[in-house]
Each structure stands twice: as structure tokens, then as C-alpha cells.
Amino acid sequence: MSSEGLTSTAYIKHHLTNLTYGQHADGHWGFAHSAEEIKEMGFWALQVDSLGWSTFLGLVFFYFFHKAARQATSGVPGGLQNFVEWIIEFIDDSVRGSFSAKNDLVAPMALTIFCWVFLMNLMDLLPVDWLPWVAQQFGHYALGMDPHHVYFKVVPTTDPNITFGMAFAVFFLMIYYSIKIKGIGGFLGELAFQPFGKVGMPVNLVLEGVSLIAKPLSLSLRLFGNMYAGETIFILIALMYSGGLGMGIFGGILQLGWAIFHILIITLQAFIFMTLTIVYMEMAHQEH
């Protein structure tokens, strides 16, 4: 979407708004045409772009890894097999270094998290106007919508619903294995009697309760915050293209530099989310 015809503030808000489907105030279901309508739709509204892209990228990950597994050979590996084996060895080393218990779920989960989060983060390197422009043309000509009311975010991890969803999934698994391995008594005992024993139970509950709640928050907000900030910077740089040839050239240089640096960020955020997941699962399997 070009910034022409929009103020800078409107351009930024437009790019940071999700394509949302839900129930309008008058009872009918449809796409939201403004931030106010999104707010009216409430909790059960669907962020169509975030759900669509996260699902699509998950299928991309599944397809290529499944293809590599089916074509795997004991001889000289092809390029895809070599790449997949390199990633699996990297994940295996990470799990072995942080997880000492025995659970066949942890390594595949770590692999899925790393690759899925990385692919979702990777969408941040696409020019910010390309796919939203395509969505605008489709919405205008196929659905008869006003192009300025067609919102389309292409980076799922800039949506807190996605990051919180993944974090809560990890959190519930952590709780499940804590109770399965230690028993309900052992799990509650850690909350009530650690680290100050029975005498310090009220303080223990506060400290351990805050520590427990902080785990999904640390997973979700760290990923969301870093990716949202990175996307915002790309959008701000894109505004420079409407400032004339000189500003456009300068903006292109800035965008290239930020994109190169951002490769490190998107990889690091995927690695941190995976590593914290492994560490939290390790804590669920071990007693204090």
C-alpha cells in the first residue's frame, strides 16, 4: 500500500492493523473496516491474516521436512536433506545441553518451535507494501471493499494473539508434566514450601506464583515486542520513499542495513523462544 493519500500516522496505523473478521455491533458477521469496529467485535474476533499466514508457514515447514524425510538416503545427501540434517543436529545439541530428563516430545517440539517461529519472523524481511497492496486489490475488485479499509499484516509474530497462543501451549505442557512427574502434591508443594519452607508459605506462594506466571509472559512478550518494533522501523523507513528522490535513496540504504541486521534478530528470537521452552520443560521434570 502506498503512503500517498494517507497521513504518516494513518499509514503506520493501517500497516499495524489486522484483517479482522467477527460480529459487528448490529449482529451481522463480516470484516472490520476500522479500528473501532475491531474493538467492538471483542475477544472472539478472528485475526484472519495472522491465522492464515501462521497456518501456511507451518504447512511449508511440514512439507519440506516431510519431503526431506521421504527422500532421505544413506549415500551422499542432496541439498535439502543436508540442510534439514544440519538443523536437526543443531536442535539435538541444544536439547541435549539443556534437557537432562527423558521425554521424546521435547526435541520434536523444539524443532517445530524454532522453524515455525523463524519462518513467521522471516516474513518481516518482505517489503512492507507488497503483500498489503495485493490484498487491497483483491479486496477492492473481488469483494468490493474500499482499499483503505483492507488491512493485511504479514508477520504473525507481530500479533500478540499468536505469540501468547504459542506461549500458553508451552505453559500448559509444562504444568501437565510437572503434575504428571511430581504428582499434584509435589507440584503444589513446590509452590507453597519453596524456598522458605512451611513457615514462609505466604511468601513462597507469592514468589513461586509470580515466577510461574512470568514464564508464558516472558515467552510471548519478548517475541512480540522485538518483532513489533522491527516491523515498525521498516514502516517508518518506508515513509521516506514519499519524500522525494533523495529521501527515497537514503531510505533504501537504511532499509537494506536494517534488513541485514534484522536477519540476526529474527534468528535470535526463534532461538530464544526454543531455548526457553526447553529450559521450562527441564524445570517441569526436575524438583527444586
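Throughout, read-outs are computed from the coordinates displayed, never taken from laboratory work. Fair warning: this is a prediction, and the values are worked out from it, not measured in the lab. With ideal geometry, Cβ positions are generated from the backbone for all residues, glycine too; neighbour counts draw on all protein chains shown.
Relative to the longest principal Cα axis of the chain, at what angle does helix 106-122 sit, 0 to 90 degrees, rounded to 10? Orientation of helix 106-122: about 20 degrees from the principal axis. In region 167-281, Cα pairs under 8 Å separated by at least six residues give a relative contact order of 25 percent. Grouping the Cα pair distances of region 58-135 into 5 Å bins from zero gives a pair-distance distribution of 3, 13, 18, 19, 17, 13, 8, 5, 3, 1 percent in increasing distance order. Our note on the geometry: Cα centres of region 66-96 and region 213-233, 30 Å apart.
What is the projected area of the convex hull of the Cα atoms of region 130-288, averaged over all directions, in nm²?
Values: hull surface 53.6 nm².
Average of the hull's projected areas for region 130-288 equals 13.4 nm².
Note that region 111-171 shows a convex hull volume over its alpha carbon atoms of 95 Å³ per residue.
Roughly speaking, what % of Cα-Cα pairs in region 65-109 are separated by over 13 Å, rounded to a whole number?
59 percent
Kirkwood hydrodynamic radius computed over region 1-110 comes to 18.4 Å, based on all pairs of distinct alpha carbons.
Pair-distance distribution of the chain: all C-alpha pairs, bin width 10 Å, starting at 0; shares per bin in whole percent are 6, 22, 27, 23, 16, 6, 1, 0.
Only helices enter the 222 nm calculation for the chain: every DSSP H run of n ≥ 4 contributes -39,500 (n - 2.57), and dividing by all residues gives -24500 deg cm²/dmol, rounded to 500. Ordering 76, 17, 55 by the projection of their Cα atoms onto the charge dipole of region 1-152, which places +1 on the Cβ of Lys and Arg and -1 on the Cβ of Asp and Glu, puts 76 at the extreme positive end. Using the Kirkwood radius over Cα pairs, work out the Stokes-Einstein diffusion coefficient for region 148-224 at 4 °C and 1.567 mPa s, in µm²/s as a whole number. Estimated diffusion coefficient is 90 µm²/s.
Normalised by the number of residues in the chain, the average gap of Cα pairs under 8 Å and 6 or more apart makes the relative contact order 25 percent.
Convex hull volume of the Cα atoms in region 205-265, per residue, in Å³? Convex hull of Cα atoms, per residue: 75 Å³. Using just the C-alpha positions of region 39-181 as equal point scatterers, what log10 of I(q)/I(0) does the Debye formula give at each q in 0.12, 0.14, 0.21 1/Å? With one equal scatterer per Cα and no solvent, log10 I(q)/I(0) is -0.69, -0.87, -1.34. Helix 79-98 and the long axis of the chain differ in direction by around 50°, with both axes built from C-alpha atoms.
Taking 8 Å as the Cα distance limit and 6 or more residues as the minimum spacing, I'd like the relative contact order of region 95-168 as a percentage.
Values: 37 pairs, mean separation 20.0, N = 74.
In percent, rounded to a whole number, it is 27.
Highest first, please rank the peptides 55-67, 149-161 by the mean number of other Cβ atoms sitting within 10 Å of their residues.
Top of the packing list down: 149-161, 55-67.
A protection proxy built from the mean count of other Cβ atoms within 10 Å ranks the segments 31-41, 115-125, 165-175, most packed first, as 115-125, 165-175, 31-41.
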